[in-house]
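Worksheet: one structure, shown below.
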Amino acid sequence: MKTVIANVINDLAKIPNLDELMPKELARATELVEQGTLKHLFIKDDHMGAVLVLANVNAEEAKKVMESFPMFPHFQEIIYTETEQSF
């Protein structure tokens, strides 16, 4: 099974409409969990991004998933790592 780890780098303090976007962001994450695509979401302690574990996707599909998040235009960088889950 293909798994992609998406390491998002962004400064939440620099997002002007964060209060509006956060509920939409969480709603999108919930949809992806229900679809079985989003397995884990870790918010970085320093509020400089998040790490998402996406299941059953390749890197190109993961990019499309990440583009579906309302905060995507504010992401400074996303580092994608494709992995094979062994257990």
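The values are calculated or read from the model by the stated rules, or taken from the named source; none is laboratory data. Keep in mind the model is a prediction, meaning the values are calculated, not measured. Cβ sites come from the backbone with ideal geometry, for glycine too, and all protein chains shown count toward neighbours.
Details
- Which numbered condition residue 45 misses (of (1) in contact (Cβ under 8 Å) with a residue 24 or more places away in the chain; (2) out of contact with any helix residue (DSSP H, G or I) (no Cβ under 7 Å at 6 or more places or on another chain)): (1)
- The residue pairs whose first member lies in the range 60-80 and is within 17 Å of residue 32 (Cα to Cα), whose second member is basic (Lys, Arg) and not in a helix (DSSP H, G or I), and whose beta carbons are closer than 9 Å, counting only pairs six or more residues apart or on different chains, are 61/2.
- On the stretch given as the range 1-17, residues that are farther than 24 Å from residue 64 by Cβ and without any contact (Cβ under 8 Å) to a residue 12 or more places away in the chain total 1.
- Single residue of the range 17-60 satisfying the filter (within 18 Å of residue 4 (Cα to Cα) and among the acidic types (Asp, Glu)) that is surrounded by the most Cβ atoms within 10 Å (Cβ to Cβ): 31
- Single condition residue 86 does not satisfy, out of (1) of a type in the set (S, T, N, Q); (2) modelled with pLDDT under 95; (3) in a strand (DSSP E or B): (3)
- Residue in the range 9-23 that is within 14 Å of the chain's Cα centre (by Cα), charged (D, E, K, R) and not in a loop (DSSP other than H, G, I, E, B) present: no
- Residue ID - farthest from the chain's Cα centre (by Cα), chosen from residues in the range 62-83 that are assigned to a helix (DSSP H, G or I) and either of a type in the set (A, V, I, L, M, F, W, C) or surrounded by fewer than 14 Cβ atoms within 10 Å (Cβ to Cβ) (or both): 73
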